[in-house]
1. Return the residues of the stretch A:49-64 that are more than 8 Å from chain B (Cβ to nearest Cβ) and out of contact with any Gly (no Cβ under 6 Å at 6 or more places or on another chain); say none if nothing qualifies.
2. Cβ-Cβ below 7 Å, separation at least six or inter-chain, first residue in the stretch B:86-106 and at pLDDT below 95, second surrounded by fewer than 20 Cβ atoms within 10 Å (Cβ to Cβ) and among the aromatic types (F, W, Y): which pairs?
3. Please verify whether A:I264 is assigned to a strand (DSSP E or B) and not hydroxyl-bearing (S, T, Y), treating the condition exactly as stated.
4. Is it true that A:I432 is surrounded by fewer than 19 Cβ atoms within 10 Å (Cβ to Cβ) and either within 14 Å of chain B (Cβ to nearest Cβ) or assigned to a helix (DSSP H, G or I) (or both)?
5. Just for the stretch B:15-27: of the residues that are within 10 Å of the chain's Cα centre (by Cα) and within 17 Å of A:Y57 (Cβ to Cβ), which one is surrounded by the fewest Cβ atoms within 10 Å (Cβ to Cβ)?
6. Confirm whether A:R216 is outside the structural domain of A:G368 (by TED's automatic domain parsing) and either over 26 Å from A:V385 (Cβ atoms) or not in a helix (DSSP H, G or I) (or both).
7. Select the strands (runs of 3 or more DSSP E) contained entirely in the stretch A:347-423, then report the ones holding at least 1 residues which are surrounded by fewer than 19 Cβ atoms within 10 Å (Cβ to Cβ) and out of contact with any strand residue (DSSP E or B) (no Cβ under 7 Å at 6 or more places or on another chain).
8. From A:S366, A:S323, grab the single residue that is assigned by TED's automatic domain parsing to the domain that holds A:A104 and among the polar types (S, T, N, Q).
Amino acid sequence: MGTHAVEEATDSATVPSRTGLLIIGASQSGVQLAVSLRALGFDEHITLLGDEDHRPYQRPALSKEFLQGMVGSESLIFRSNDYWTGHNVDLVKGEYIARIDKEADGTGVAHASSGRQFPFSRLALAVGARARKLEIDGSDLDGVLYLRNADDALALKSRVGDAQDVVVIGGGFIGLEAASSLQKMGKNVTVLEFGPRLVGRAVGDETAEYFLQAHRSRGLDIRLNATAARFTAADGGGEKPHGVAAVELQDGTVLPAQIVLIGIGVIPNTQLAEQLGLDVDNGVVVDRFALASDGTTVAVGDVANMPNPVPGSAPGERIRLESVNNAIEHAKVAAYSLTGHRAEYAGIPWFWSNQADLKLQIAGLSNGYDQTVLRRDTERGKFSVLYYRQGQVIAADCVNAPLDFMDVKNALAKGQNIPATAAADVATRLKIITTDS
Amino acid sequence: MPTVHFTDAEGSVRDVQGNVGDSVMETAVRNGVPGIVAECGGSLSCATCHVFVREDCVSQLPPMEDMEDEMLYGTAVDREDTSRLSCQLRLTDELELFVTTPETQV
């Protein structure tokens, strides 16, 4: 960490002298914004401020390699301290911005709950989202956990050793990744999914069913249409408070659990945007250039509700994407906007999720599809579903099939098509049958 | 200390010292070597950390697994015989590696 005026301003009444761009959220998108700005020659001072006591780090491994102890915390760090110092970016850790005063010209002061103040000439919100909480009886018991940030992962890791039974609530990506990791670590894991299938709307029915069968065949206990009614503690006889001991389902089933991990989605952190009077609707509403409704503040990544970036999307169609790819690409668009350029956000979103030995890669957005083609190589353990709208490929879910993923992603990026009539034949690479629409 | 020499598509060179056990990709990204994108952070999902390894260095590296081999077919600049994904290359003691980054990764 470099020394700088902001960090040395210990007196809450002292207004630091550095202004420039203030990026709130030392997240994937916040980091990318700073990096892209420097690559574009932005020469104003940048403050990259986060509310966690960690240097900016990558989240994806928290539910996988980090949880399993395969990588240490140092390997999650985005950039070396030398990089930040050398690029005139001040990192500020552990400051939670409670309120922002902003003028019509885009300048202002952000007030941290600690009393510190951060003046800015331009503001960027890369504040992400927070875990949605499950509020039922016993949800405040010790051992009822979430997994969104590094401290969550550390809390989970610190308890894993003493636990034998884990109940994961939510059969989405986070729940299934963590469940797979915990199972690999020798825990007895049960996944409760409230809905009739896994992974909500992020994948199609065939992929959801594939994952259900694949996980069950690997010994993971997955229960669909299952709702937790309450968490109960061990009968401690009135001594010290006890942690969670069991999950009681609505159908009366009781599952032992020394850890309950809840992964039921996220809520965008729009509090600051609301306080600033920016348009907010399932995220901070931004235009194609990542600009919020005041025309000066940029908002990027998970927190932004933006025009659908997929070329050819219906006019006015909006979307909020929670992914590394979006965090990076959206931040690049914002970096252009902040340097006086205009670069519309356009691209093919992609996603990945690694669960046990299942490597899921998703290219494009499948919503609105009217046809699917299954491309399954059972012998080699590869499974892909291609999604079509009016004969045009729009997306694919690929499991352990990176070549299919890359071919579909590249075809979508070039506006090409992969004829549905030929896509099922696993003996032919998709790239070979790709056509210029 | 292991050292990686990154040459970009225009020919300019960055020499970066790394830590044993880190990947070539991590070493590049942490120090801001521009030719490596690595969107997925090393989970072998994106093929944006593609490098061409100098021929006389290839034998110092571990063999390629199937997943890396498949991903390399999807790189932005077409693969060559010496192509690797740098997230799969771990630095070992005394390693001195010469790689060239492609013109683009996306």
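The values are calculated or read from the model by the stated rules, or taken from the named source; none is laboratory data. Treat the numbers as computed from the prediction; the structure is a model and nothing was measured. Because the Cβ atoms are built from the backbone with ideal geometry, glycine has one as well, and the counts that use them run over all protein chains shown.
1. Filtering the stretch A:49-64 down to residues more than 8 Å from chain B (Cβ to nearest Cβ) leaves A:49-57, A:59, A:62-63.
Result: A:L49, A:G50, A:D51, A:E52, A:H54, A:R55, A:P56, A:Y57, A:R59, A:L62, A:S63.
2. No pair meets every condition.
3. no
4. Values: surrounded by fewer than 19 Cβ atoms within 10 Å (Cβ to Cβ): yes; either within 14 Å of chain B (Cβ to nearest Cβ) or assigned to a helix (DSSP H, G or I) (or both): yes.
Judged against the criteria, A:I432 is a match.
5. The selected residue is B:S23.
6. no
7. Numbers: elements: A:350-355, A:358-364, A:371-377, A:382-389, A:392-399.
Counting at least 1 such residues, we get A:371-377, A:382-389.
8. Details: A:S366 fails: assigned by TED's automatic domain parsing to the domain that holds A:A104.
Unique residue meeting the criteria: A:S323.
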